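Input: a single structure, listed below in C-alpha cells.
The values are calculated or read from the model by the stated rules, or taken from the named source; none is laboratory data. The model shown is predicted, which means the values in this text are computed figures rather than measured ones. Cβ sites come from the backbone with ideal geometry, for glycine too, and all protein chains shown count toward neighbours.
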There are 4 protein chains.
Amino acid sequence: MNFSSDNAYGVWPEMLAALERAASGPAPSYGADALTARVEAEFGRVFARPVKAFPVISGTAANALSIATLCPSHGAVFCHAEAHIAVDECGAPEFFTHGAKLVGVEGEHGMLVPAELEAALSHFQKGFVHHAQPAVLSLTQSTELGTIYTPAEVAALATVAHAHGMKVHMDGARFGNALASLGVSAAAATWAAGVDVLSFGATKNGAMGAEAVIFFHAADVRDFEYRRKKAGHLVSKMRFVSAQLEAYLEEDRWLARAAHANRLAQRLADGLSGIDGVELAHPVDANAVFPWLPDALVKRLREGGAEFYDWGPPAGGRTLVRLVTSFATPEADVDAFVALAKG
Amino acid sequence: MNFSSDNAYGVWPEMLAALERAASGPAPSYGADALTARVEAEFGRVFARPVKAFPVISGTAANALSIATLCPSHGAVFCHAEAHIAVDECGAPEFFTHGAKLVGVEGEHGMLVPAELEAALSHFQKGFVHHAQPAVLSLTQSTELGTIYTPAEVAALATVAHAHGMKVHMDGARFGNALASLGVSAAAATWAAGVDVLSFGATKNGAMGAEAVIFFHAADVRDFEYRRKKAGHLVSKMRFVSAQLEAYLEEDRWLARAAHANRLAQRLADGLSGIDGVELAHPVDANAVFPWLPDALVKRLREGGAEFYDWGPPAGGRTLVRLVTSFATPEADVDAFVALAKG
Amino acid sequence: MNFSSDNAYGVWPEMLAALERAASGPAPSYGADALTARVEAEFGRVFARPVKAFPVISGTAANALSIATLCPSHGAVFCHAEAHIAVDECGAPEFFTHGAKLVGVEGEHGMLVPAELEAALSHFQKGFVHHAQPAVLSLTQSTELGTIYTPAEVAALATVAHAHGMKVHMDGARFGNALASLGVSAAAATWAAGVDVLSFGATKNGAMGAEAVIFFHAADVRDFEYRRKKAGHLVSKMRFVSAQLEAYLEEDRWLARAAHANRLAQRLADGLSGIDGVELAHPVDANAVFPWLPDALVKRLREGGAEFYDWGPPAGGRTLVRLVTSFATPEADVDAFVALAKG
Amino acid sequence: MNFSSDNAYGVWPEMLAALERAASGPAPSYGADALTARVEAEFGRVFARPVKAFPVISGTAANALSIATLCPSHGAVFCHAEAHIAVDECGAPEFFTHGAKLVGVEGEHGMLVPAELEAALSHFQKGFVHHAQPAVLSLTQSTELGTIYTPAEVAALATVAHAHGMKVHMDGARFGNALASLGVSAAAATWAAGVDVLSFGATKNGAMGAEAVIFFHAADVRDFEYRRKKAGHLVSKMRFVSAQLEAYLEEDRWLARAAHANRLAQRLADGLSGIDGVELAHPVDANAVFPWLPDALVKRLREGGAEFYDWGPPAGGRTLVRLVTSFATPEADVDAFVALAKG
C-alpha cells in the first residue's frame, strides 16, 4: 500500500519496449537523432500547433531551465506559496536564474487567484531599479494539493501576468492527471489559455525519467539550448529520453494511465470520506488526496503497512497527510487502505 | 561505419534487462532505494575501499557537480587546455562553481606533466585576494586525445596538486577504456595514485545515461547532495540509473566491453599506419585514433559512408580527424574503413 | 523640507576634513594602509571586544557580502517580510549567495518575534535535500518601519536562530539611530545579544559612502575577503573609506548626530499626532515617522514643498507615508512641516 | 620613492574641493541628482557624441558590470592572457556573468593582434551548443604592461570582433594615460575605432574612488542598471562619485595630470636605460616601466627606500619589476631612484 508518491512506482511496459527498440545501432547524439525530432512533431500534434520541445530528465530541470530562460537575474517569479518550485527544489530556480526572486502568493487549496496575484504584484514597482521585476508567473497543474485550474482560471491569471509584461509558465509534472480530469484538449488547457511554456512531465505518470520543456512560441526559446547544455542536462544518448516521450504520447496512453490514477484517488477519497474523524482538506481533482486523519488512525495505517507522507506536524490530535495514487497503484491497495481505515 | 563518438552507439542488452528487473513495483524515490545502496557498496568492492558514490545522468553533471563541491567561487581549476571540461561543456564548471576560473595547461598528446602544472601554478599567489586560488586539478582519463596516464604519472601530478592544497579530480568519462588498457586495479589507477574524486562514466561504454560521482574520502562530499538537488540532477526514479551502474559493474563486464573498443582502435590504427600520407598524431592508448588524413582521403571516406569528426581545420592538404570505437563497433566496420582508406 | 530619506542629505564637515587629512602622499592600497588597521581597532573599542571589520561602500554590499559569507547557495535567510534585503535590494542577497532563498516572515511594526520565526522554520526540514536549509537570520536595526529591537528581543530571536544552527546577521544601516535611542552599549545591542555579524552603516548618518562589515567571531570571516574582491567591492584607495569611518566613530560623534535625527523624528511625530485624520502607523523609536495622512493633506504638503515617499497606495481616502529625519535635517523644517500640516 | 602603483597616491586637491561643494544640503539619491546628469552630459562633450554614463566606485565593478551586460552566461570574453580582468580580479567577470569563460590570448607586450585573436576564435564553433559563444572582446588601454594601442590597432581588432558578432569593451583604468600619450581625441581612441563600451577610470589618475561605465550605443545598456543595483554598486550618495568625475574632466585636467605621470615614466625609463644589466622589457608608452634589474640592484633599491613590485620570479640573476608613476609622483623621486640605480 504505497501512497507516498507517484514517482515511487516503476515504469510502463511500453516504456521498456520503446527503450529496447531505440537501443540498437548508432544514432546522432545530443538530440540530433530522428526520434527526438519525431517527438517534437508529436508534441505539435498533441498541442495542435507547432511547438519547440526539449527533452530533459527531471522535473526540477524542466522547471528551472524554462523559468531561467524567461526570467533575468533581476526578475521575480510569482507562484503559489506552496508550489513545488518554491518549497521542494532546494532553490533550483534561484540557482538557474542566478538569483531571481520567487514570490510566494497565498491561495486556497494550492491555487492562485487573480486578486491575490494583483495584490502581490502591487508591491513591485515597474522600472524601479531597487525592486526585482516581475517576469514569470508559474502555475502548477495539477497543483501540489491535488487541485486543478480550469482553462478559464488559467486564462484569468495569464491575463493578469501578460498585462504586467510577464510570461506564463506551467509546471505540468502532473499535467497528464490534470488533463485527464479536465477533459479538454491539451491546447485548451495551455497556450489557448495563455500558457507560454510548459514543463511537460512524464516521469510521475510512468516514464523512467523523461520530461519535456515545451515552448508554445519559438521566440521564447532564446538561449534555452545553451542553458540546458551548461547545466549538464543535454544528455548524450537523448534518443532514450525521446523514446520514453514517444511511448508516453502514443495512442494517448498518457491520458488513460493518468485517468486510472485519478479514478483511484477518487475511490480513496470516497472511501475515506465517511469515516469518523476524517476530513478532506482539499477537493480531489487529480491523483492526490489530502485527508486530516486522527493520529491514532495514522499510526494504525502505518502499522498496517500503508506508506504515505505527513503534510505538516500533528495538530490537535490529528494530522494532515498526503495520499498519492499512480498509474500502477493496484485498486486492491486502495480498498485495503480504506478497509484498514474503517477499522 | 560510425566512428563519430562512442556515445553514438546504443546500450548493452544487459542494461535493458537490468532496467526491466528494476521496473516493477514501488520503491523509495530520490536514491533512497535498495538498488542505489547496493551500487555504492559495489563501487566499494571495485575500488577496494569504502566510497561515497552518487549516480547522475550525464558526464557534464558528474564533472561540474564534483568540481563545484571542491572548488569555491574564488577558486581555480587546473586542467589540460583541451580537456572536455575546458572546451566542450559550454562553461558548465564555471556555472556550477558560480564563476571559478578554469586554467588550461598545455601538454603533449592531451596530457599534463608536473613541470607545466607547476609553471601554471606559479602565476597564482596563495592567499593573495586578487588572484583566483588554486583548488582543483582535473585530469581526464583516458584523455581527450586517446592517451592514458599511468598510475605513476597520475601520482606525480597529484603530488604537485596536493602540495598546493588542491584536490584531484579525475574525469573518467572513459575510465573503463583507460583501466582496461592499463591493466592495473581500479584502486591503483585512482585513490592510490592520489585521486580524490572520480567522475565514473558508464554512458559512453554502454549504459543509457548513467555516471557516478565517486568520492574516495567522505569528508570531501561536503554539500554535494544539495548541489545535485539544486541543479536538477537528483532524479526521482534513481533506481533506474543505479540499475544501469549495477549491470555495468557486474562480472567486470565494463572492462571486457571497453577492451573490445580499445582493441578495435588498435586495429584501426594498425590498419591506417601503413597508408601513404596518413600519420597518427597521438599514441593510441584507448579507444580513439587521431590520424592526419590527406583531404582527398577524408572526402573519399565520407563518400564511402564513414562518419567521424574533423579535429581542426584542414592544414596543408591534410586534416586531423578523430575516430572513436565503442563497445558495439563491429570489427567489420573497422576493416571496411581501412580497406576504403587503402583505396 | 526634505524627509524623503536620510541618504538625501550630504556629509558631516568632519568627513571632509578627514578625507583631506587622508589625501596626501602615498599609502598601501586595497586596505593594507595604517588607517584601515586603525579603524578595525577602533571598532574593537566601540564594541568592547576584538572584531574583524571590513570597510565597504554601500549598505547593499555590506548586507549581501556578509550574508553570502554565512549562507551557502542551498541555504535560506530568514528576515522580516518588509526587510530592506527582501524588498529593496533587487535580489542582491540572492545574487551574492548564488541563489539562496530569502524567507520573509511577518511581524507587527516591521519586527520579527520568536513565535513567527519558529513557525516559518517549521516548514524547513533539516537535512532534507529538497528543502533550502536555514542558515541566517537577518534583523534590521532600526527596522524599515522605524522601530527598534531591545537587546532582550534580539537575544530571544538569536536564541531561536542559534538553536537551529543559524547565524545572526544585523542590518545596521541605521544602527547609530538604534543605539542612540536604546541607550545601551554597542556590545549589549549586538554580540552580547547573539548577533554574529553586523552591517554597520555610516552613510545614512553622515558619511559619504562608508559602511563596515563587522564580524564578532573571527571564524565566521571564512572567505569574505575573496568575496569582497570578486564582487568589485575591494576599493583600491581604501583609506578614504576608512577615514570616514574613523571620523564617524571619533568622540562618539555618530551617536550624537543620530540622536539629533531621532529627536527630530520624535518632534515630528508629536507635532503630527494631534492633527485630525492623522494616525501614526508605527511607534517612533528612531528617525522615521510613518503617519497615515488624509489624501488632501498629502497633496497640500507636497504643494508646500515637502518631499517624502508614499509607503503604499492610497487606501480609503488616506495614504501611509514615510518621513525620515537625518543628522542634518533642520529643526525649522520639522516645525514648518507640522505647521503646514496643521493648516 | 613609491612606484608600487598609481593607486598608492592620494587625490587631487580639486577632488576635495568638488566633494566639499557637493556636500551641502539634500539631493536626490541613487543617481537621480543634477550633478550625475551633468556628468553624463560632460562625457558626451568629451567623447563628442551622446553617451550613457554610469558612475561606479571601482575598476573591477566597471569592468565586470559592463562585460556581464554584454556577455551571457554561455558566452566567452576574449582578452590578453595578462589582462587585469583575467589575472587580477579574482574571477570577478566570471562571477558577474554567472560563469562565462575568459579566453586569454597571447600577444607581445601585453597587446592583442588580429591574427592571434582570429586563431583563438577558430576554436569556438558558432551556434555549437557545447562551446561557449564568443561575445565580448576586452582591450586594456593602456595595457597591463604599459603599452598603448593606436586607434588603427583598436580598429583592426574591433573589426575582427564585430565580424564575429562580438561587442568591444575597453578597460580604461588608465585611459587618461593612454589618451594623453596618443594625442588623439577621446572619440578617435574609442567609438570611432569600434569600442562599444568603456570602463573609464579616474581613480588611478587622482580621484578618490570614481570610475564610469560609458556606453557609446544606448541599446547596449540593456539591464545594466539592474545589474549595478543587484551587485551593490548603486551608491546612495551618488553625487559624490559624480562630483569627482566632474572635477576630473573639468578643464581637461585629467589629461594634464596623466601627461605628468607619463612624462615621469619616460624620464625613469631614460634614466635606467643606460645602466649596465638593466633592460626594458616593454616599450614605455604610458606611466609604467618594466625593467629587468639585476637581483643585487633590486635589493639595493629596496634598501634605499624604493617601493615597487616584482613582476615574476627571479630568473637567471635578474628580476622583471614594475615601476608605476602617478599624477603625484615627485620628479625628485624619479631622479633619486635613477641615481640610486646608477649606484
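Descriptive notes on the structure:
- Count of the range B:159-173 residues which are more than 14 Å from the chain's Cα centre (by Cα) and either touching a residue at least 12 places away in the same chain (Cβ under 8 Å) or not assigned by TED's automatic domain parsing to the domain that holds residue B:242 (or both): 9
- Among the residues of the range A:130-143, those identified as part of a loop (DSSP other than H, G, I, E, B) and within 14 Å of chain D (Cβ to nearest Cβ) are A:130, A:131, A:132.
- Checked against the criterion of being over 15 Å from residue C:341 (Cβ atoms), among the small types (Gly, Ala, Ser) and not assigned by TED's automatic domain parsing to the domain that holds residue C:64, the candidates C:258, C:218, C:296 yield just one match: C:258.
- A single member of A:60, A:69, A:36 is buried (at least 22 other Cβ atoms within 10 Å of the Cβ) and touching a Leu at 6+ places or on another chain (Cβ under 8 Å), and it is A:60.
- Filtered by the rule that a residue be on the phi > 0 side of the Ramachandran plot and either free of Cβ contacts under 8 Å to residues at least 40 places away in the same chain or in a helix (DSSP H, G or I) (or both), the range D:181-221 gives a lone residue, D:183.
- Lone unmet requirement of (1) more than 14 Å from chain A (Cβ to nearest Cβ); (2) crowded, with 24+ Cβ neighbours inside 10 Å for residue D:152: (2)
- Taken as a whole, the condition of being of a type in the set (Gly, Ala, Ser) and at the interface with another protein chain (Cβ under 10 Å from one of its Cβ atoms) applies to residue B:127.
- Number of positions in the range B:204-227 that are under 17 Å from residue B:28 (Cβ atoms) and in contact with a helix residue (DSSP H, G or I) (Cβ under 6 Å, 6 or more places away or on another chain): 0
- Sole residue being assigned by TED's automatic domain parsing to the domain that holds residue D:71 and either aromatic (Phe, Trp, Tyr) or in a helix (DSSP H, G or I) (or both), chosen from D:176, D:146: D:176
- Filter result (touching a residue at least 60 places away in the same chain (Cβ under 8 Å), touching a helix residue (DSSP H, G or I) at 6+ places or on another chain (Cβ under 6 Å) and under 24 Å from residue D:180 (Cα atoms)) within the range D:58-79: D:63, D:79
- Residue in the range D:222-234 that is farthest from the other protein chains (Cβ to nearest Cβ), counting only those that are more than 29 Å from residue D:324 (Cβ to Cβ) and outside any loop (DSSP other than H, G, I, E, B): D:224
Each row is one residue, and each column tells you yes or no for (1) crowded, with 16+ Cβ neighbours inside 10 Å; (2) at negative phi; (3) part of a strand (DSSP E or B).
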site	(1), (2), (3)
B:266	yes, yes, no
B:276	no, yes, no
B:292	yes, yes, yes
B:299	no, yes, no
B:305	no, no, no
B:312	no, no, no
B:320	yes, yes, yes
B:327	yes, yes, no
B:332	no, yes, no
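Yes/no matrix, rows are residues, columns are (1) at positive phi; (2) in contact (Cβ under 8 Å) with a residue 24 or more places away in the chain; (3) more than 27 Å from the chain's Cα centre (by Cα); (4) at the interface with chain B (Cβ under 9 Å from one of its Cβ atoms):
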{"residue": "A:2", "(1), (2), (3), (4)": "no, yes, no, yes"}
{"residue": "A:10", "(1), (2), (3), (4)": "no, yes, no, yes"}
{"residue": "A:15", "(1), (2), (3), (4)": "no, yes, no, yes"}
{"residue": "A:19", "(1), (2), (3), (4)": "no, yes, no, yes"}
{"residue": "A:23", "(1), (2), (3), (4)": "no, yes, yes, yes"}
{"residue": "A:26", "(1), (2), (3), (4)": "no, no, yes, yes"}
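- Restricting attention to the range A:28-43, the residues that are within 11 Å of another protein chain (Cβ to nearest Cβ) and either aliphatic (A, V, I, L, M) or in a helix (DSSP H, G or I) (or both) add up to 1.
- Matching residues in the range D:87-98 - criterion: being crowded, with 24+ Cβ neighbours inside 10 Å and either without any contact (Cβ under 8 Å) to a residue 12 or more places away in the chain or farther than 20 Å from residue C:96 by Cβ (or both): D:90, D:91, D:94
- Any chance residue D:42 is within 28 Å of residue C:8 (Cβ to Cβ), out of contact with any Cys (no Cβ under 8 Å at 6 or more places or on another chain) and surrounded by fewer than 24 Cβ atoms within 10 Å (Cβ to Cβ): yes
- Helices (runs of 4 or more DSSP H) within the range C:44-118 that include 2 or more residues within 12 Å of chain D (Cβ to nearest Cβ), under 23 Å from residue A:87 (Cβ atoms) and at pLDDT 95 or above: C:59-70, C:92-96
- Remark: residue C:189 matches the filter, which requires a residue to be farther than 30 Å from residue D:239 by Cα, in the same structural domain as residue C:81 (by TED's automatic domain parsing) and surrounded by 24 or more Cβ atoms within 10 Å (Cβ to Cβ).
- Enumeration of residues in the range C:10-27 that are outside any loop (DSSP other than H, G, I, E, B), under 19 Å from residue C:204 (Cβ atoms) and not acidic (Asp, Glu): C:13, C:15, C:16, C:18, C:19
- Enumeration of residues in the range A:61-81 that are touching a strand residue (DSSP E or B) at 6+ places or on another chain (Cβ under 8 Å) and over 22 Å from residue A:114 (Cβ atoms): A:61, A:62, A:63, A:65, A:66, A:69, A:72, A:74
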